[in-house]
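The values are calculated or read from the model by the stated rules, or taken from the named source; none is laboratory data. Remember, predicted model here, so these are calculated numbers, not experimental data. Cβ atoms come from the backbone with ideal geometry, glycine included; neighbour counts cover every protein chain shown.
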Amino acid sequence: MKHRVVALVSPLLEMYRVTSASAVFGYHGPDIPAHYDFALCAELPGPVRTTMGVDVIVERGLEALTEADTVLIAGWCAGPNVSPEVGAAVLAAHSRGARIMAICSGIYVPANLGLLDGRTAATHWELVADLATRYPRIRSDASVLYVDHGDVATAGASATTVDLCLNQVRRDHGAALAMRIGRQLSAAPHREGCQRQYPELPTTGPVPDSLAPLLDWITANLDQPLSVEQMAARSRLSRRTLSRHFTDQLGVSPGRWLLDRRIASTRALLEETDLPVETIAQRVGLSSAVNLRRRFRTALNTTPAAYRRSFR
């Protein structure tokens, strides 16, 4: 049975959050397993006004939350005002084990219900002061992309919707599926933001045609001791020109991109296999377990063993 994600929406609806979530939880073609169903609901079914100036017809009301495995609150333009009906429906869903995910102003719903009391929450910077006044027991953090407590997760801004949803896919089905969906959506290769959660696994992301063949070659030969000189020779460019292309078009140096790819592959293998660290080190081109552990701790501030215990 598929995991049911129901997005609770209200006027004025910002469509980007809903479409981003549906892109992650929707259909990705016959080669990627379909584990989710995605639907909308509203307190008052019918036309819901959007920020685009058009209406979206939402057919289901709050009764849809009784069937939800995850309740996605994709913004809440009523601000801190949460009706007793909405509050009761969300709280009932949470009580029976549904996961609550709130994006941007959607944080007002779990905040109003006390679900974030004593907890840290990813918060849009414009809302930090208001939340501190209204809900002093919540520790708002505007420097992170999202915060996931398991039963309740929050994302600070609209652009972090994909990050939060891919995080759920990774929690539910592992890093490999999350990487495949992120790659298909051309999710960013790396998201900065001083986030306390582990950074999203890099994907190939949207890359220019001039670099795509090289990045594919690197990924296919990750177990080899690749150097920037070899990468430059493969591209028939000087090392300086290659470095400039990477910095201008990907925002990182060739060496940094290669290391990020190796760390990403390490994470996937730790989550998806029982391979020993020494074997993983050889497969991802980090030469030895000692080197892998050192690089892994620097990148994620944890050990491979601890990471595997957390995510297997």
Which residues, counting only those in segment 116-137, are surrounded by 13 or more Cβ atoms within 10 Å (Cβ to Cβ) and closer than 15 Å to Ala155 by Cβ?
Leu116, Arg119, Thr120, Ala121, Ala122, Thr123, His124, Leu127, Val128, Leu131
Taking the stated definitions as given, is Ile181 more than 30 Å from Trp257 (Cβ to Cβ) and crowded, with 16+ Cβ neighbours inside 10 Å?
no
With the first residue restricted to segment 143-154 and required to be farther than 14 Å from Leu72 by Cβ and at pLDDT below 90, and the second required to be in a loop (DSSP other than H, G, I, E, B) and among the acidic types (Asp, Glu), Cβ contacts under 9 Å at 6 or more apart or on different chains are Leu145/Glu192; Leu145/Glu200
Please go through segment 115-149 and pick out each residue that is among the small types (Gly, Ala, Ser) and in a helix (DSSP H, G or I).
Ala129, Ala132
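Here's a check for you: in segment 92-122, which residue that is among the basic types (Lys, Arg) and in contact (Cβ under 8 Å) with a residue 24 or more places away in the chain is nearest to Leu8 (Cα to Cα)?
Filtering segment 92-122 for residues that are among the basic types (Lys, Arg) and in contact (Cβ under 8 Å) with a residue 24 or more places away in the chain, the one nearest to Leu8 (Cα to Cα) comes out as Arg99.
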What are the residues in segment 214-241 that are farther than 23 Å from Ser265 by Cα and among the aliphatic types (A, V, I, L, M), if any?
Ala233, Leu237
Here are the criteria: (1) at pLDDT below 95; (2) within 26 Å of Ala132 (Cβ to Cβ). Tell me which single one Arg99 does not satisfy.
(1)
Every residue in segment 240-286 that is surrounded by fewer than 17 Cβ atoms within 10 Å (Cβ to Cβ), β-branched (Val, Ile, Thr) and closer than 17 Å to Ala305 by Cα, please.
Thr273, Thr279
Long-range neighbours under 7 Å by Cβ, at least six apart or interchain, first residue under 13 Å from Leu8 (Cα atoms) within segment 47-68, second of a type in the set (Lys, Arg):
Glu67/Arg4; Ala68/Arg4
Inspect all residues belonging to segment 44-65 and state whether any of them is assigned by TED's automatic domain parsing to the domain that holds Asp148 and under 23 Å from Ile138 (Cα atoms).
no
Scope segment 189-224; condition modelled with pLDDT under 50, surrounded by fewer than 18 Cβ atoms within 10 Å (Cβ to Cβ), within 13 Å of the chain's Cα centre (by Cα) and under 22 Å from Glu272 (Cβ atoms); matching residues:
Arg191, Gln197
Being over 11 Å from Gln224 (Cα atoms) and of a type in the set (Val, Ile, Thr) is the filter here, so list the residues in segment 273-291 that pass it.
Thr273, Val277, Thr279, Ile280, Val290
Residues (within 14 Å of Gly75 (Cα to Cα) and either modelled with pLDDT of 95 or more or polar (S, T, N, Q) (or both)) located in segment 113-133:
Thr123
Odd one out for Ala88 among (1) modelled with pLDDT of 95 or more; (2) surrounded by fewer than 21 Cβ atoms within 10 Å (Cβ to Cβ); (3) closer than 21 Å to Gly150 by Cβ
(3)
